[in-house]
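Since the structure comes first, as structure tokens, the remarks are kept for the end.
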Amino acid sequence: MKFTLKEDGKRILVISAAAILMAANNATFVRVGGLYPGGVTGLTILIQRIAAMFFHIDIPYTPVNLLLNAVPVYIGFRFIGKKFTLYSCLVILLTGVFTDLIPDYAITYDTLLISVFGGIVSGVAISLCLIMNATTGGTDFIAIFLSEKKGVDSWNIILLINVVILCAAGLLFGWDKALYSIIFQYTSTQILHVLYQKYQRKTLFIVTNCPAEVCEVIFRVSGHGATILDGKGSYENSSRSIVYSVVSGAESKTVMRAVREADPAAFINAIRTEQLTGRFYIKPAD
């Protein structure tokens, strides 16, 4: 593992801020609203409330959360990336410590507002970590593992797993908070889809007179190949080349800018790809 002061310093700063944001969200929205965010965080809170209600024991958030993250962290070290997992462990630890330290503070008592805005804050915090090549732990490790191995956008699968956890909370503590928690988790997932697009795909159709240069730019920027198709323009009846390539959603804007630099006259059509089979390069986590 290689560390650089500039890149890793920025990475530590951003993921630390994300961890504090997540902890503040737990204190202001999750605990005040009595919600269960899903994943390991939701399971940790569920265990805390079970211990408090049935056994009259107050269990700190941090040790339970660290214990539940043991298997996901192993998956991260084994299959995703050591540096990625190390920074994720930092996020998990900081989130736990600050969740225990930050006192509950009610911004609002409206449960619907808590569910929506708490989900937004959660989605932003998770996205910041993922953009910096780290994660908040728990089911995020599993989602990334499935995405890396299967090449699919698996966040909706994790949403279904979280719904199962929330149903257990509903059976134990009442369905109103559990149903509001589903709104919380759905909102968080949608924010994640908007802000983090690594495992989404974009198909690019590029009409150009410089196909070789465009293909070289696509490979240099994203590591993806391209296919050159022969076409004919209907207006001038002239021969044109069409470069076809599929890149990740996170790379698409960078690739399009680079193509524009290589051929300012290029016509680019970007289409969201719903399903993809075959070999597709995904840059591995460090």
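Just so you know, all these numbers are worked out from the coordinates, no wet-lab data involved. Just so it is clear, the structure is predicted and the values come from calculations on it, not from any experiment. With ideal geometry, Cβ positions are generated from the backbone for all residues, glycine too; neighbour counts draw on all protein chains shown.
Key figures
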item	result
Between helix 211-222 and the chain: long-axis angle, C-alpha atoms, 0 to 90°, nearest 10	20
Helical mean residue ellipticity (222 nm; -39500 (n - 2.57) per DSSP H run of 4+; nearest 500) of the chain	-19500 deg cm²/dmol
Helix axis angle, 249-262 relative to the chain longest principal axis, alpha carbon, degrees	30
Exposure proxy order (Cβ contacts within 10 Å, fewest to most) of Glu251, Glu274	Glu274, Glu251
Calculated mean projected area of the Cα convex hull in nm² (choose from [x] 17.7; [y] 21.1; [z] 14.6), label	[x]
Charge-dipole axis of the chain as Lys and Arg at +1 and Asp and Glu at -1 on Cβ define it, positive-most pick from Thr41, Ile80, Asn237	Asn237
Gln275/Val71 FRET efficiency (R0 25 Å; Cβ-Cβ; nearest 0.05)	0.25
Neighbourhood net charge (12 Å Cβ-Cβ; Lys/Arg +1, Asp/Glu -1) for Thr44	+1
Exposure proxy ranking, count of Cβ atoms within 10 Å, fewest first, for His56, His224	His56, His224
By average C-beta atoms within 10 angstrom, highest first, the peptides 72-85, 119-132	119-132, 72-85
Nearest-ten-degree value, helix 111-131 long axis tilted from longest Cα axis of the chain	50
Residues whose placed amide H lies under 5 Å from that of Gln197, excluding near-sequence neighbours	Ala250
Loop-resident sites, the range 184-286, for chymotrypsin sites (Phe, Trp or Tyr not before Pro), counting at most 15 other Cβ within 10 Å (DSSP)	Tyr235, Phe280, Tyr281
Spin-label model distance (nm) - Thr227 vs Ala106, 7 Å beyond Cα toward Cβ	6.0
Centroid-to-centroid separation of the range 162-222 and the range 1-59 [C-alpha atoms, Å]	21
